[in-house]
Structure formats: structure tokens, C-alpha cells
Amino acid sequence: MAPVKDFTYRLLSASYEIIFRERMSPDVQKFLVGTFFAAVGTLFGAALTFVFNILAARILGPVSYGDLSLVVTLSTILVVSMSACTIAMVKYASGEPDNTQRIKIISTSSLLVVLFTVSSTVVYVFFSPELAQLSGTSIELFDFAVALAVTMIIFGLTSNSLRILLRMRAYGLFSAVQSAIVLAVFLISVIANVRSWQAAAYSLGISYVGTGLILAGYLRKYFKPQFDQFWSRKILNYSAVAFPGILAGALMGVDKVLVNKFMTTADVGLYSAYFLPSISIALMVWGIFNAAFFPIASRSNDKQAIFRKVNRAAPFFAVLFAPLIILLETIIFVFYGRQYFFSLGLSFLFAIAATFFVLYQCYSALMGSVGTNGAKVSTLGSIIALVVLIGFNVALIPVIGISGAAVTLILAYLLPSVYLFSKRRVLAMS
């Protein structure tokens, strides 16, 4: 095992020196070690999640798989009002060296999240007929999305606490556990001949609740019934600035709703089939990287140096990542079956979009790590992305279908990246 570890370290060290033209510092080593452990668990979990999605796509068919995609998309949007304080929790608790203060921040944030979750759920349930009509879905589907959003916040709150503490081994492990529960519950339902999008949605919800409760027990000393007014004000101020951006980011999932509006639910299933091995993979890669990136960036006093490293690494990442996405899409479509049409041109567009997605997220997270000033810039970037997404989708989907939606994704991540790059001077304010 030692020779393998030594070889891996030398490989990473050599690659780092080639890209950044400097020796790897102890802080970088710590970041890479944490990212490695997060990656191991996340990639294992991602493999299980891929099996779940492929089985769901194949067993449910384009129409029902499209319904499942809409449920997940809506729940991602609805959870924003419940989780508005989570990013502020990670920002401030990561930058606080005193463990007593960390406990105050996490506990205060948790109580605020509970308050927002209960309030949001009441509003969503009371107005479910109107909101379902607005989203172009059935009331049943919308109610499922509300319930799934509640389960997502349980898992999100506890897993983000691991990021604050930089417990990357545990973070990777519990990511894998959550994915394992999803697949296990779904397979049980398939064996029991319960094959519907509802069964798949239940599988997701059970995995979030189960893993979140286990994590809550594991981190019980950080979740206490104490409310600190000083930290609550800071958390709420940051959240108020960041909330529009978080909401805009969640509303990026409206692309599936727009495909459903201008085309058919089956087309949503096909769009999701391309989305899974491209944007979803980019989201997974970003999640692995950002597990330690945002907390460490929040602690750093030289965010401009991090910004320069991101820019230097970007071309190397793009050259490797885009072809890998195209290869993965080609392989995944074989498993989907003949009911899903594959186009190399579409695959290329989604691969380019996935590459710009990661770059955009790097810039946005780095801005958010500055504080309220950076959060304002990051929020405006998210709003630009959403406006581009909606505007170009409305213009292009009726004309060129899914290809228009793919082109829109590229622009929706490229243009706000250019904006965030132009605001790099904000990084000096940390």
C-alpha cells in the first residue's frame, strides 16, 4: 500500500508543478488529501447512483423517467427556501478556528433551517394546486416534490457540517451510504413489481432521511438547542444577500420544465438522458472538489492566489474533461436501450456545457467565500445565468428542440463566468 501511496503523491506533485510552476505546499497537500477521500466515497456512491438512474430510465421508460426528473427538479427548487442559511453556515463556521464558536454557528443555523423548512412546507402545501399549475405538473407530482425537498434538507444540513469540520473521509463514506440506500430500496420495489416514478422518488426520500439521521447522531455534539443572536444576524445577513443567487441556481432546473412545455414529457426523458452523463457528472465532480474547496477558500486570506490557480488549471481540465464526457455519454446510451436516440452532435454540446459549468461554479464559490460583498457578485452571476437560460430556451427550443436547450446550457454557464471574471477585484476585499 505504501508504494502505491508514494507513487500517487509523486504523480500529483509532478502534475501540480507542471501546471502551477511551483512546489506543492502543505495546505495544498491537505486540500488534495481531503479531496481524495471525498472523491473515493463520492465516486463509489456515484457509480451506485448511475446504476439507479440507468435502471430507472430503462424500467420506467421516457415518460415516467421524465416525471421522476420533474420531481427531482422541482424539489431542488423548493428546497432553496428551506436551506437558505446552509451556505452561510459553511462560510462562517469554516472560517472560525474556535470549536465553541463553530458549535454556536452550526446550532443556530440548524434552528433557522428548521424554522424555514416548516414555514416553507406549510406555504407549499396550502398553495399546492396553484403552484402545481404554475409548474405545469399534477398536484400529486408537486406534493411528492415538496416531501422530497424536506428529506433533502435533512441530508444537506448534516453533510455540510462534515465539510465545515473537513472530515472528508466521513463525507465520502456517507455519500456512498446515501447512494447505496437509494439503489437498495429501488431494487426492492422492482423485485416487488412496484415499478413507477413514485417508487423511485420514495427511494430517494428514504435515502436522504436515513443517512441524515445517522449523520445527526454522528455529529450530535454540534447540534444543540442553543440560539446565538450575534451569529444569527450574520447568518441572516449573508443569507439575504445570497438567497436570490441560490434561488436562481436552483431555478436553472427550469430547463426541463421548458422542454416539457414546448415539447413532450418523453422529450424531457431524452433530455435528462443526455443531462445525466454530462451536467450531472460535472455536478458530481464539482461536488467532490467543492467539498473542501469552499471551506478552505473561506479560511484563506489570499483568495486572489486561488483565483490565479483556477485560471491556470482551467485549460488542462477542459482538454481532459470534455472528451471524457463524450465517451461516457456514448457508453451510457448503450445501457439506456434503443428507446433513447443518441446523437454525437448533442453529446458534444452537452460536454462543452458541462465543462463551462465547473468553471462557472469555481468562480462563483470563490466569490461567495469573500463574504457579503462577494456573495452579491456571486448572486448577480447566478441571476445572469438564469436569465440567459430562460431567454435562450424560450427562443431556441421551439425552433431546434433539444439542441437549442443544449446550446442554451453552454451560454448560461459561459456568460456569467465572463462576468465573474471581470469582477475579480472583489477577491482583494477578503
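For region 24-429, the alpha-carbon radius of gyration amounts to 0.94 times the rule-of-thumb value 2.2 N^0.38 Å expected for a compact globular protein. Applying Stokes-Einstein at 20 °C and 1.002 mPa s to the Kirkwood radius of region 215-289, computed over alpha-carbon pairs, gives a translational diffusion coefficient of 133 µm² s⁻¹. Normalised Debye scattering of region 282-321 at q = 0.15, 0.21 Å⁻¹ gives log10 I(q)/I(0) of -0.41, -0.76, counting only Cα atoms as equal scatterers and leaving out solvent. Its residues counted as N, region 258-374 yields a C-alpha radius of gyration over 2.2 N^0.38 Å of 1.26. The value for region 161-208 of Rg(Cα) / (2.2 N^0.38 Å) is 1.42.
The Kirkwood radius of region 108-213, taken over pairs of alpha-carbon atoms, gives through the Stokes-Einstein law at 37 °C and 0.692 mPa s a diffusion coefficient of 216 µm² s⁻¹. Show which lysines lie in cross-link reach of K423 when reach means a straight Cα distance below 16 angstrom and same-chain residues fewer than eight apart are skipped. Here the lysines satisfying the reach criterion relative to K423 are K303, K376. Each other residue within a Cβ distance under 9 Å of L60 adds +1 if Lys or Arg and -1 if Asp or Glu, for a net charge of +1. On the principal axes of its alpha-carbon atoms, region 292-430 has extents of 53, 31, 20 Å, going from largest to smallest. Taking I206, I54, I331 as the candidate residues, the one with maximal mean-square fluctuation in a Gaussian network model of the chain, Cα springs under 10 Å, is I331. Cα centroids of region 34-93 and region 177-223: 12 Å apart.
If you take the Cα centroid of region 330-392 and the Cα centroid of region 139-163, the two points sit 22 Å apart. The C-alpha atoms of region 52-152 occupy a region whose extents along the principal axes are 52, 34, 15 Å, arranged from largest to smallest.
Read-outs: derived from the displayed coordinates by stated rules, not from any lab. Predicted model, so just to flag it, every value in this text is computed and none were measured. Counting neighbours? That spans all protein chains shown, and the Cβs are built from the backbone with ideal geometry, glycine included.
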